């Protein structure tokens, strides 16, 4: 089957075809941010989003091995053989497009459980998890900063989903994992500094909105009761590495 040149139409095609075959695919990454955020097209926040990242249900890992090649994508056979129960890679060689599929949970610098909440949104992972998937990156790059700011500008912070960043989900996950809490806090500090220094061209009103919403999430994280494991790990602190090192996968 031939792929589509427009990455957004192609993503929608894949989700629709997967649904017909009872395969659970939900979009994550920069393209998911664009789906939810009008500000992703703002001149200060716009960026390229050439690839497609998904989270799939745990029960679908084997079925993806037939589904995505039938949709026009060549598998990274070595990577998928070694990691296929957690993550799979596929390529549209003609268009230079990559598909990255995380199985059940999103695992990069930190592990974010997602399997039980994949049904919240019809096309993407929930906004709280989408926000965390960016904020959990230890070495935030410019693209990640732009995506986080777009999410903050376009969504209220609250204790629900439905186009709202569910702060309770973020606070609960960070209260169970000191490492995640630490990395997210570092990301917030970097975001605030970037806005304060004017390194992203937002106007004063936009900067105030993003800063206020960032502070709301931070307050909820600090107020959430921490587990005993969290408190014990906090005593060790950053003397021991608290995150997984992530390497780019070569084709």
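Computed values, structure above
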read-out: Degrees between helix 167-176 axis and first principal axis of the chain (Cα, 0 to 90, nearest 10); value: 80
read-out: Separation of the residue 204 and residue 2 label points, Cα + 7 Å toward Cβ, nm; value: 5.4
read-out: Value of relative contact order over the chain, rounded to a whole percent, pairs C-alpha under 8 Å and six or more apart; value: 18
read-out: Length gained when the stretch residue 111-residue 215 is fully extended (0.36 nm per residue, less Cα-Cα span); value: 35.1 nm
read-out: Helix-derived mean residue ellipticity, 222 nm - over the chain, DSSP H n ≥ 4, -39500 (n - 2.57), to 500; value: -14500 deg cm²/dmol
read-out: The chain: angle of helix 204-223 to the longest principal axis, Cα-based, in degrees nearest 10; value: 80
read-out: Rounded to 10°, Cα long-axis angle of helix 178-197 versus longest principal axis of the chain; value: 80
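No value in this document is a laboratory result; all are computed from the given coordinates. Since the model is a prediction, treat every value here as computed from it, not as a measurement. Cβ sites come from the backbone with ideal geometry, for glycine too, and all protein chains shown count toward neighbours.
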